[in-house]
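Working notes for the structure below.
The values are calculated or read from the model by the stated rules, or taken from the named source; none is laboratory data. No experiment lies behind these values; they were computed from the predicted model shown. For neighbour counting, all protein chains shown are included, and Cβ atoms are generated from backbone atoms with ideal geometry for every residue, glycine included. Ligands, DNA and RNA are stripped out before the accessible areas are found, and what is left, the full protein with its side chains, is counted by its heavy atoms. Shrake-Rupley method; radii C 1.70, N 1.55, O 1.52, S 1.80 Å.
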Amino acid sequence: MTGFVRFRRDHSYRRPRAGATLLGGSPLRLFRLGAAGVRVVEAIERDDELPEGHRPLTDRLIDAGVVHPEPDLDQAVATTDPTLVTVVVPAFGELPRCLDRSTRPWPFATLVVDDASPTPLRLPDDAPATWRIIRLETNLGPGGARNAGLLEVTTPWVAFIDADVGIEPETVISLAAHFTDERVVLVAPRIVADEGSGALARFERARSPLDMGDEPARVAPTTRVS
């Protein structure tokens, strides 16, 4: 798998007695391995270079959620050109958090879709030329606003970010590393609640419906992240 340096085993991964039977994935599946298959999973377990011809098996394990490919994120951050990414943010009433440059520069071309705010949104006077706003005269909701913004995008990649989300530029870049596999069309980071006090903040940290957990997963019906 070009561009990936290792495979991470899912927490469900089990190979009893280091033998030729492998159990794991979501939903749970059983694999019986031949000698070549055992060599492949042993290499995955040791973090070694994979044997020639591993892809038929590793593809099946990925599709089943038994293992997860992990790109070289450090290399991605160091080498990915931010100009390949356009950020689209639906907004209503206030500018997105990601445009706050008081802590970190925001290097991406960014399109704020003003979803018919009562008072039209305006960018700061010193905003980069790559930031702009389009205003909708009718409120379409976040989904409609994203689609309106998508029609304006000309870069290879688009990052949809909600207005109330805080995210580091390096996180956006690291997501792009997953597209070294030409079959990947969509990728998302883990979403966690802000630190805060009160019952709602404690609930969101413990049981937020947006938090899919700290395990990677492919997205498919009947799986852990469906």
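Quick notes
- Of all residues making up the stretch 194-219, the number that are open to solvent by less than 60 Å² (accessible area, probe 1.4 Å) and either among the hydroxyl-bearing types (Ser, Thr, Tyr) or free of Cβ contacts under 8 Å to residues at least 12 places away in the same chain (or both): 4
- Residue ranges of strands (runs of 3 or more DSSP E) in the stretch 1-72 with at least 3 members within 26 Å of SER174 (Cα to Cα): 4-9, 67-71
- With respect to (1) closer than 30 Å to PHE160 by Cα; (2) open to solvent by less than 40 Å² (accessible area, probe 1.4 Å); (3) free of Cβ contacts under 8 Å to residues at least 60 places away in the same chain, the lone exception for ARG9 is condition (2).
- Residue match in the stretch 42-53 (condition: within 18 Å of the chain's Cα centre (by Cα) and at pLDDT below 95): no
- All conditions but one from (1) at pLDDT 95 or above; (2) closer than 28 Å to VAL225 by Cβ; (3) among the polar types (S, T, N, Q); (4) open to solvent by less than 40 Å² (accessible area, probe 1.4 Å) apply to ASN147; the one that does not is (4).
- Filtered by the rule that a residue be part of a helix (DSSP H, G or I), open to solvent by 30 Å² or more (accessible area, probe 1.4 Å) and not β-branched (Val, Ile, Thr), the stretch 154-174 gives a lone residue, GLU170.
- Residues of the stretch 25-58 satisfying the condition of being at positive phi and open to solvent by less than 70 Å² (accessible area, probe 1.4 Å): GLY25, GLY53
- In the stretch 131-168, the residues that are touching a Ser or Thr at 6+ places or on another chain (Cβ under 7 Å) and β-branched (Val, Ile, Thr): VAL153, THR155, VAL158
- Within the stretch 110-122, tally of residues that are part of a loop (DSSP other than H, G, I, E, B) and touching a Phe, Trp or Tyr at 6+ places or on another chain (Cβ under 8 Å): 2
- Inside the stretch 70-109, residues that are open to solvent by 30 Å² or more (accessible area, probe 1.4 Å) and in contact with a Phe, Trp or Tyr (Cβ under 7 Å, 6 or more places away or on another chain) make up a count of 3.
- Condition check for ALA176: among the hydrophobic types (A, V, I, L, M, F, W, C), at pLDDT below 90 and within 22 Å of PRO96 (Cα to Cα): yes
- Every pair of residues 6+ apart whose Cβ atoms lie under 8 Å, when the first sits in the stretch 88-117 and is under 15 Å from GLY143 (Cβ atoms) while the second is polar (S, T, N, Q) and at pLDDT below 95: none
- Selection of the stretch 28-68 for residues being touching a residue at least 60 places away in the same chain (Cβ under 8 Å) and touching a helix residue (DSSP H, G or I) at 6+ places or on another chain (Cβ under 6 Å) yields only VAL67.
- Looking only at the stretch 106-139, residues that are within 21 Å of the chain's Cα centre (by Cα) and over 19 Å from LEU151 (Cβ atoms) come to 2 in all.
- Every test in (1) farther than 28 Å from GLY93 by Cα; (2) open to solvent by less than 40 Å² (accessible area, probe 1.4 Å); (3) not β-branched (Val, Ile, Thr); (4) not in a loop (DSSP other than H, G, I, E, B) is passed by PHE179 save one, and that test is (2).
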